[in-house]
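The numbers here are math on the coordinates, done by the rules we state, and not lab data. Just so it is clear, the structure is predicted and the values come from calculations on it, not from any experiment. Counting neighbours? That spans all protein chains shown, and the Cβs are built from the backbone with ideal geometry, glycine included.
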Amino acid sequence: MLYRAVGRQVQVNGGDADSAADALAACRFDDRLLEDPALRNEAVGGLASRVSVHPAVRAALKERQAAFARQPGGALLDGRDIGTVIAPDADAKLFHNGACGYPGAAPLCRNAGAGREGFF
């Protein structure tokens, strides 16, 4: 959602998603923007793809997420690369590999049903 928020903020600012400067400025969006229903529309998805190509945007969002993870009291984050890139030194990490009912989760569910721990 963060890249979508940056794309939406570029749009709100009247900027150009292909401009690294406009996209970087949009990284300072207010957290309330994450509640904007427009983040889910196709046009904003396209803007997210365009702003994500800028290395400065990727670096700014990485730092924003890392700062969120370091907040007093901790944080719960979800997503690819959170445990390895955003918060590699986190005190605790939980990895979810699927829920029972999905084909890939069958071995884990069988082990859990038998009272055994297991990874697949």
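Near D81: Cβ cut-off under 15 Å, other residues only, Lys/Arg at +1 and Asp/Glu at -1. The net charge is +2.
Just check region 2-89 against the gyration tensor rule for me: Cα atoms, a ≥ b ≥ c as the square roots of the eigenvalues, rounded for a/c under 1.5, and otherwise prolate or oblate depending on whether a/b exceeds b/c. It comes out prolate by the Cα gyration axes. Charged neighbours of L47, selected by a Cβ distance under 12 Å, balance to -1 (K, R count +1; D, E count -1).
The residues neighbouring F29, those whose beta-carbon lies less than 15 Å from its own, together hold a net charge of -1 under the Lys/Arg +1, Asp/Glu -1 convention.
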